[in-house]
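Student: This structure is in structure tokens; I'll ask about it shortly.
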Amino acid sequence: MISIIIWTLQLILVPVLSPLFVGIVRKIKAHFQNRQGAGIFQPYRELWKLFHKDEVESEDASWIFRAAPYIIFAVTIVVGASIPIIGTFFASRLSDLLTIVYCLALGTFFLALAGMDTGNAFGGSGSSREMTVAALTEAGLIFSILALAFLAHSTNLVTIVQTVSDLSLFSFTPIILAFVAFLIALLAESARFPFDNPATHLELTMIHEAMILEYSGKKLALIEWASANKFLIFLSLGVNLFFPWGSAASFTPGALLLGLAVFLLKVFLLSAGVAVLESSIAKYRFFRLQDILFTSFILSIIAISLII
Amino acid sequence: MEMTATGFSRSLLRMLKVLALPTKILRQELKDNSKYAVKKYSVVLGVKDVYTTYFYQPLGVVFNKVSEYVKHIQSGNVNVYVFYIFIVLIVLLFLAV
């Protein structure tokens, strides 16, 4: 009974909290740019506004255009419910490394299809750029978590969290290398600098935004929410897999509250780090992105070779 | 104007240009009385065959060279063939002891 309640809370935790962290990143970037910025709860108001707007849909749109927002949002909900967030309970087949990566890839696939669906050239260019970046990011993402899987002798994320929290500080160098590789993959998959500018209005510089140009109203709200969910999923994977101290191991209220508080603090620190990183570098030219993505892959390979 | 598959494939090929070796031929057909005004452009995009050029052909050259050396065993002179049988006989006698 208690586990059902906790599982329901974890299910709604990612969609409820994700706009908050997007708002925190925007606020920190605004302060770096010497302006006040909107409040940290502004993304919630934006979602509310979009859910109360009418939609305009192209005549040439097919069922993919209409179905894609639901598929993308559903994927982020499923993945958010399967990864270790507050604690290391709910180990299942879904909390496996490859399952998570390829469920998220399913969302990316449908987003790219939806971008091309209306025949809009900007959507097509966004889709082609997104597929190129996703193809190269996949290697760095899988291999950085695979480094931890070699340490834990299992690809189940919950087992990885339990094993890494028991390690001594001595074996930490490969974990830091793998974390840097994972950070590059996080920036790539969440469409942040240096891969993509999430606040741009120029189609020449868009990757994620170009694919959702045709969307409006409720479907746009779902896609924006799903993008925020994906950002929070990657942040929580980053803090829970690589720095897992403080995760709850049992269902006692003390452990759960401590786990939640530690999770919020760690994700806040990592999102602040992402905001500082975004404010200090520029967006790369598209044909420079393969250098940084191959660097992520090579760092993971070095981490794996240090572990084996 | 729609997006074609070229945008998807050529971006990735250009990024992996060291391994995949993409090729491009750009031709222009000029208008009749001008050196500069172009009537038609044509582009042929291709991929160089890496495996044939850098693996199978060197391997074939190595095999041909080795075969040229081994060819000299078949000289056509029957006495040399009897000599080979004699050598094999001596070796087998040594091994049988």
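The values are calculated or read from the model by the stated rules, or taken from the named source; none is laboratory data. This one's a predicted model, so the numbers in the text were calculated from it and none came from an experiment. Glycine also receives a Cβ, built like all others from the backbone with ideal geometry; neighbour counts cover every protein chain displayed. The accessibility values were calculated without ligands, DNA or RNA, using every heavy atom of the protein model including side chains. Shrake-Rupley method; radii C 1.70, N 1.55, O 1.52, S 1.80 Å.
Student: Determine whether region A:108-129 contains at least one residue that is part of a helix (DSSP H, G or I), over 23 Å from B:E2 (Cα atoms) and out of contact with any Gly (no Cβ under 6 Å at 6 or more places or on another chain). Before the answer, list the steps.
Tutor: At the first step, the residues of region A:108-129 found to be part of a helix (DSSP H, G or I) are A:108-117, A:121-129.
Add one more test, that the residue is over 23 Å from B:E2 (Cα atoms), and what stays is none.
No: zero hits.
Student: Restrict the check to region A:193-208 and report whether at least one residue is crowded, with 23+ Cβ neighbours inside 10 Å and among the acidic types (D, E).
Tutor: Yes.
Student: Can you tell me which residue is farthest from the chain's Cα centre (by Cα) among those in region A:228-245 that are over 9 Å from A:G80 (Cα atoms) and aliphatic (A, V, I, L, M)?
Tutor: My answer is A:L241.
Student: Select from region B:4-43 the residues that are within 8 Å of chain A (Cβ to nearest Cβ) and open to solvent by less than 60 Å² (accessible area, probe 1.4 Å) and write down the one among them that is farthest from A:T137 (Cα to Cα).
Tutor: Top of the filtered list is B:G7.
Student: Follow-up question, since we're still on this one. Any idea how many residues of region B:14-31 are of a type in the set (D, E, K, R) and either farther than 15 Å from B:L45 by Cβ or outside any helix (DSSP H, G or I) (or both)? Spell out how you get there, then give the answer.
Tutor: Start the filter on region B:14-31 by keeping residues that are of a type in the set (D, E, K, R), which leaves B:14, B:17, B:24, B:27, B:29, B:31.
Still in the running and either farther than 15 Å from B:L45 by Cβ or outside any helix (DSSP H, G or I) (or both): B:24, B:27, B:29, B:31.
So the answer is 4.
Student: From the list A:A275, A:A282, A:A210, A:A303, which one is closer than 25 Å to A:V133 by Cα and within 14 Å of another protein chain (Cβ to nearest Cβ)? Reasoning before the result, please.
Tutor: Working: A:A275 fails: within 14 Å of another protein chain (Cβ to nearest Cβ); A:A282 fails: within 14 Å of another protein chain (Cβ to nearest Cβ); A:A303 fails: within 14 Å of another protein chain (Cβ to nearest Cβ).
Going through A:A275, A:A282, A:A210, A:A303 in turn, just one is closer than 25 Å to A:V133 by Cα and within 14 Å of another protein chain (Cβ to nearest Cβ): A:A210.
Student: Condition first: assigned to a loop (DSSP other than H, G, I, E, B) and in contact with a strand residue (DSSP E or B) (Cβ under 9 Å, 6 or more places away or on another chain). Now tell me which residues in region B:32-45 satisfy that. Break it down into steps so the answer makes sense when it comes.
Tutor: As a first pass, look at region B:32-45 and keep what is assigned to a loop (DSSP other than H, G, I, E, B): B:32-37.
Hits for region B:32-45 are B:D32, B:Y36, B:A37.
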